[in-house]
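See below for the structure under consideration.
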Amino acid sequence: MTQFIVENIDNQTAKNEAWLILHSGRERKKCCLGKIPEDVNPDILKHKIVLFVNIEDKGKYYFANWLDMVILNREDIEQDSPLLKIKLKGDIDSKQLLSRLLQIVSETEMPPFWKVFFKSDAVAEAIKDYEKFPAGAKVHHPWENGLSSHTEEALTAYAQLSKVYYLKEIKHHVCIAALLFHDWGKTLEYSLTSSWSYTDDMPLFGHVYMSAKKICSLLNEFRQGYDFENEEQERQAIRDIQFAEHCILAHHGIKGYGSPVVPATVEAFMVHIADLISARVQMFDMATHMEQNNYLGTMIIKE
Ligand SMILES: [Fe+2]
Ligand SMILES: [Fe+2]
C-alpha cells in the first residue's frame, strides 16, 4: 500500500515527527494518513494542499490527484493515535473574524449608525457560527472555519483595495456589511451532521437569497431600536441597507453563477471582487487541475 504524507491546509499541525491529516471537503469524515520523513523541513509543508510526499520514496515531492491518495476512514484510526487529537480547522475562527471586523471599522469613516451596528451584540451573534462551516463543499475553503476564514480574507482584501484614491468616496460601510454577511446563508445551506451535505435550503433558496434576507432583517431590526439624530439620517440608513442588500444579491457577479442581479453599483462590484480574490487565491492551494509553468516552475490553475 502506498502511503502519503499530505500537507495540511490548516497550518497548525505541520511539525516534524507529527502526524498529518488531510481534511477533504468532499469527504470530511475521511482522512489520509502519513508521517513526515525526518529529513523534511516542516516549513516547506505549510500552506499547500496539493503537495504530497510518498513516504516509500522519502523526500520526493510531487503533485497528485485526490483520487490517488490512500483514504482511511476515521473509524479505522487507533484510539490512541495522535491523529485523533488534531483539530481540523482553518486559520481564522469567528472571534478572530470579529476582531478583524472591528479593527477595519475603527479605521474606516462611516456614519455613526453603522459604527454602532458593527460593534453590536447582534453582529457578534450573527457570525458566531461561521467557524463551524465551510465556505464551500468543494470549490474553496472546504473545511471547518472555512466560512470565517473566507469572510475575514474578503474583508481584509476589501480594506486594502478601498485605500485606492478613486474608491475613497464609496460607501465603505455598505461594502463591509455586505462582505460580512455575503455568505451567511451557508450556515443554513450546509448540514453539520454529515459531511457538508446540503440541506433543503440550498435547492429551495440558496445562500445568495438567504444572506440578502438576513442582512435586511438584521439591519432593519437594529435601525428600529436606534436613536437617529434626524429623519434624514434614518432615510439614508434605509437607502444604504437596500444598497447592501443589492451587494449581496449581486456578489456572484453574473446571473449564470446564481446572482439574480448583476452589480449595479461600485460597492457591489467591489464586494464581488473582494469575494473573488479570497475564493480564487485559496483555490490555488487546492486545485488538482494544475499544470506547471515551465519558465517559472510554478503551478497554475488550468481552466
Ligand atoms: Fe457566495
Ligand atoms: Fe464568498
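Laboratory data are not the source of any read-out in this text; all were calculated from the coordinates shown. As the structure is a prediction and not an experimental result, all values here were calculated from the model. Note that each Cβ is placed from the backbone with ideal geometry, even for glycine, and that neighbours are counted across all protein chains shown.
Provide the FRET efficiency to the nearest 0.05 for the V139-Q160 pair, computing r from the beta carbons and using R0 = 25 Å.
In this case the efficiency is close to 0.60.
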| query | Within a Cβ distance under 14 Å of A237, other residues only, what is the Lys/Arg minus Asp/Glu net charge? | reply | -3
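Which entries of K95/K255; K128/K255; K132/K213 show an alpha-carbon separation above 27 angstrom in the structure shown? Walk me through the numbers on the way to the answer.
Values: K95/K255 33 Å; K128/K255 30 Å; K132/K213 21 Å.
In this structure, K95/K255; K128/K255 lie more than 27 Å apart at Cα.
Among M283, M210, M202, which comes first, then next, by fewest other beta-carbon atoms within 10 Å?
Values: M283 15, M210 21, M202 18.
Ranked by crowding around the Cβ, least crowded first: M283, M202, M210.
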| request: Using the Karplus curve 6.51 cos²θ - 1.76 cosθ + 1.60 with θ = phi - 60°, work out ³J(HN,Hα) for each residue of the range 103-108 in order, rounded to whole Hz, and write x for Gly and Pro. | output: 5, 4, 4, 5, 9, 10
| Which cross-chain or sequence-distant (5 or more) residues have an amide H under 5 Å from the amide H of Y190, H modelled 1.01 Å from N in plane? | T199
| Computed E for N230/K115 - FRET, C-beta separation, R0 22 angstrom, nearest 0.05 | 0.80
| field | In sequence order, calculated HN-Hα J values of the range 112-121 (Karplus, 6.51, -1.76, 1.60; Hz; x Gly/Pro) | value | x, 3, 6, 4, 5, 4, 4, 8, 7, 5
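For a footprinting-style exposure proxy, rank F222, F133 by other Cβ within 10 Å, fewest first.
Ranking F222, F133 by Cβ neighbours within 10 Å, fewest first, gives F222, F133.
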| message | I'm a student and want to see the number: the projected area of the Cα convex hull of the range 92-156, averaged over all directions, in nm². | response | 4.2 nm²
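Give the order of I248, I254 when sorted by the count of other beta carbons within 10 angstrom, beginning with the fewest. Present the calculation step by step, with values, prior to reporting the outcome.
Working: I248 30, I254 11.
Ascending Cβ contact count within 10 Å gives the list I254, I248.
What is the mean projected area of the alpha carbon convex hull for the range 94-286, to one decimal in square nanometres?
Working: hull surface 42.9 nm².
If I average the Cα hull's projected area over directions, I get 10.7 nm².
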